[in-house]
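Written below as structure tokens is the structure these notes are about.
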């Protein structure tokens, strides 16, 4: 292998051209982020999925996948200019199926084996040679000697060396992508003794600084003392555990934070192969725990700083390694997830674990209405299977209302700020974003909107409330407004968006439905086109075609919903439009006392129960363009009133969900979780998972 002296030159360039300051926002932060999960059924297949990020490579590095020591230093070698190829994994006793095919796809001619025959057998080496490949084995008598051999091959000269435990993989994985990106050797040590072969390797590099990775429990004071006695400057990057050490690495070293690469901290293989992927982008490996509740404060601080300016999010390993809840906790809600560069998900759908071969992921927004009781919020969330983020991206509880008498927003239904914080934290702990909505209607809101000073005060109040409860944004739900408030409503949303967007928080608005520019003119205060410019999502309330006191009829007949969606997508980008979908129906009767129609709302479960109790036959009201139809039934109640009921079920919900794909919408918003119980939940949530994921 050709030896290099490029590190010193690179360090000189680094000193001349400083990197952006830590925490600087990405200039491309406004771009739609790319999301991809590199995953396979096994650790070996996950490594193959990661390798497809490379369209070609002249050489690859191959390590055993059932143990970590030999491979820990391999990322530096794989990312070196002479190789610039992936790190693949194989079983120790045989060449894992698929590995040779991937090497051949890359067009590689050389394979570097890490470790001796006990790590990767001679039979494996012969198989590779028989395929016409040049095989170079880098090995020593133990893990420390193998790491030294890899370091000598990868880097000829440097002023700094990283030193990690040879018995614990996590700390080495935390530093691996940085070491590989900056051509810095990663060597291994015993806990209380510096192996002579490691010291010899440090001397050979010409280094003057040794940075210890991990606390004194893994790299002890005696090791530091030996290095100091040998004349080296010694520093340490460490935390109280593997996750805090990882957070310290992320905080103290200069990475490009525009890409976030997440891997489990509980096992080594995925991060091992992925560290080279991260190194190519000068990005860190974020080691994540098994649950969202276990994230450390430094990790949360890191995500708060960089998540919303990042332009790419890569997850390493399948849901068994990094759960969907954790994945969605790390990243903003996804509209579209792209396959990794060079991947062909059509040919190999295991490469990207985003659900569809196209990579499309729709937003599932669910209105979460527990009203005054935090226990009710918890109960409703309990109907959603785990992981919640297989079914829900955004939870929108009705925590606030505009109170015209005090001229500000107040907590609804007697909630305290502490209870509201607990509700938000509950949703976030399950991996969802929590974006409360603010309810208001009629003349009080009209008066607010027409007064610029009161609008500005409302924005300040909303920002303070969002910060107080830790919410991920705000949705405005102002209804029954005067037509003349159109410009003022848009001005309010522009001001709110200007404040929330730089914080990485969502701005959303619920808008009333229209089917054309000349119909439903009573809803003209919602200027879809202008509102699209100052909102992340617009939820169109595609329900209440028939309402509380109208004549009986479907809440959201398919033909009408199609017209609503067709019109709004001529005014606003489809990728910003969330289609509202009702989880409720209505039961109407003619009131003799008021000489008009009255109704009560009910969910699917109560509707079917009511029909059964009254011996009513449920039929489906169909049309020429809606052959599926809406469930309906008639009966006579105990007071002798003739009743007519309409509701939705899984079949009619599915027909509406077809419109999300037909018009390529951002997703669907369900009103509301309060109508879902233990009877309807097993029908609704699997349907949403199937259709939106």
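The values are calculated or read from the model by the stated rules, or taken from the named source; none is laboratory data. Predicted model, so just to flag it, every value in this text is computed and none were measured. Because the Cβ atoms are built from the backbone with ideal geometry, glycine has one as well, and the counts that use them run over all protein chains shown.
Residue-level check: of (1) more than 24 Å from residue 201 (Cβ to Cβ); (2) touching a strand residue (DSSP E or B) at 6+ places or on another chain (Cβ under 6 Å); (3) crowded, with 18+ Cβ neighbours inside 10 Å, residue 95 misses just (2).
Scan region 462-493 for residues that are surrounded by fewer than 17 Cβ atoms within 10 Å (Cβ to Cβ), out of contact with any helix residue (DSSP H, G or I) (no Cβ under 7 Å at 6 or more places or on another chain) and not in a strand (DSSP E or B) and the total you get is 5. Restricting region 154-175 to residues that are part of a helix (DSSP H, G or I) and within 31 Å of the chain's Cα centre (by Cα), which is modelled with the lowest pLDDT? Here the answer is 169.
Each residue in region 290-332 was checked for being assigned to a strand (DSSP E or B) and touching a helix residue (DSSP H, G or I) at 6+ places or on another chain (Cβ under 6 Å), and 2 of them qualify.
Restricting attention to region 22-56 and to residues that are in a loop (DSSP other than H, G, I, E, B) and at pLDDT 80 or above, the residue that is nearest to residue 269 (Cα to Cα) turns out to be 42. For region 271-289, the candidate set comprises residues that are outside any helix (DSSP H, G or I) and within 18 Å of the chain's Cα centre (by Cα); within that set, the residue that is nearest to residue 33 (Cα to Cα) is 283. Could you tell me whether any residue of region 543-564 is part of a strand (DSSP E or B), within 25 Å of residue 684 (Cβ to Cβ) and touching a residue at least 60 places away in the same chain (Cβ under 8 Å)? The answer is no, given that none of the residues of region 543-564 is part of a strand (DSSP E or B), within 25 Å of residue 684 (Cβ to Cβ) and touching a residue at least 60 places away in the same chain (Cβ under 8 Å). Just one of (1) touching a strand residue (DSSP E or B) at 6+ places or on another chain (Cβ under 6 Å); (2) closer than 24 Å to residue 578 by Cα; (3) surrounded by fewer than 23 Cβ atoms within 10 Å (Cβ to Cβ) fails for residue 412. It is (2).
Checking the stated criteria, residue 282 turns out to be surrounded by 18 or more Cβ atoms within 10 Å (Cβ to Cβ), within 22 Å of residue 53 (Cα to Cα) and in contact with a helix residue (DSSP H, G or I) (Cβ under 6 Å, 6 or more places away or on another chain).
Annotation note: Cβ proximity below 6 Å between a residue of region 510-521 that is within 21 Å of residue 475 (Cβ to Cβ) and a residue that is at pLDDT 95 or above and part of a strand (DSSP E or B) (sequence gap 6+ or interchain) occurs for 510/477; 510/539; 511/538; 511/540; 513/540. Selection of region 63-98 for residues being in contact (Cβ under 8 Å) with a residue 60 or more places away in the chain and outside any loop (DSSP other than H, G, I, E, B) yields 63, 69, 70, 71, 74, 75, 76, 77, 78, 87, 88, 89. Restricting to region 391-450, count the residues that are more than 30 Å from residue 289 (Cβ to Cβ) and either over 24 Å from the mean Cα position of the chain (by Cα) or assigned to a loop (DSSP other than H, G, I, E, B) (or both). Qualifying residue count for the region: 31.
When region 632-684 is examined, which residues are found to be assigned to a loop (DSSP other than H, G, I, E, B) and without any contact (Cβ under 8 Å) to a residue 60 or more places away in the chain? Residues satisfying the conditions are 637, 638, 639, 640, 641, 649. Condition (residue is touching a residue at least 40 places away in the same chain (Cβ under 8 Å) and within 29 Å of residue 665 (Cβ to Cβ)) applied to region 615-622: is it met by at least one residue? Yes, region 615-622 contains at least one residue that is touching a residue at least 40 places away in the same chain (Cβ under 8 Å) and within 29 Å of residue 665 (Cβ to Cβ). On the basis of being on the phi < 0 side of the Ramachandran plot, at pLDDT below 95, in a helix (DSSP H, G or I) and within 24 Å of the chain's Cα centre (by Cα), does residue 688 make the cut? Answer is yes for this residue.
Pick from 240, 180, 222, 247: which is at pLDDT 95 or above and farther than 23 Å from residue 141 by Cα? One residue alone meets the criteria, 222. Counting only residues that are assigned to a loop (DSSP other than H, G, I, E, B), within 18 Å of residue 559 (Cβ to Cβ) and either modelled with pLDDT of 85 or more or in contact with a helix residue (DSSP H, G or I) (Cβ under 8 Å, 6 or more places away or on another chain) (or both), region 615-631 holds 1 of them. Restricting attention to region 69-90, the residues being more than 28 Å from the chain's Cα centre (by Cα) and closer than 20 Å to residue 167 by Cα number 6. For region 565-603, what are the residues that are in a helix (DSSP H, G or I), touching a strand residue (DSSP E or B) at 6+ places or on another chain (Cβ under 9 Å) and surrounded by fewer than 18 Cβ atoms within 10 Å (Cβ to Cβ)? Of everything in region 565-603, just one residue is in a helix (DSSP H, G or I), touching a strand residue (DSSP E or B) at 6+ places or on another chain (Cβ under 9 Å) and surrounded by fewer than 18 Cβ atoms within 10 Å (Cβ to Cβ), namely 575.
With the structure loaded, tell me whether residue 150 is buried (at least 19 other Cβ atoms within 10 Å of the Cβ), within 26 Å of residue 280 (Cα to Cα) and touching a strand residue (DSSP E or B) at 6+ places or on another chain (Cβ under 6 Å) or whether it fails that test. Yes, satisfied.
Matching residues to (1) farther than 30 Å from residue 632 by Cβ; (2) out of contact with any strand residue (DSSP E or B) (no Cβ under 8 Å at 6 or more places or on another chain); (3) in a strand (DSSP E or B):
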site: 509; (1), (2), (3): yes, no, yes
site: 514; (1), (2), (3): no, yes, no
site: 522; (1), (2), (3): no, yes, no
site: 531; (1), (2), (3): yes, no, no
site: 539; (1), (2), (3): no, no, yes
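So how many residues does region 99-135 have that are in a strand (DSSP E or B) and surrounded by 13 or more Cβ atoms within 10 Å (Cβ to Cβ)? Number satisfying all stated conditions: 6.
Applying the condition of being outside any helix (DSSP H, G or I) and touching a strand residue (DSSP E or B) at 6+ places or on another chain (Cβ under 6 Å) to region 494-506 and asking which residue is surrounded by the most Cβ atoms within 10 Å (Cβ to Cβ) yields 506.
Take the residues of region 382-395 that are touching a helix residue (DSSP H, G or I) at 6+ places or on another chain (Cβ under 7 Å) and farther than 19 Å from residue 475 by Cα: which is surrounded by the fewest Cβ atoms within 10 Å (Cβ to Cβ)? Within region 382-395, the match that is surrounded by the fewest Cβ atoms within 10 Å (Cβ to Cβ) is 385.
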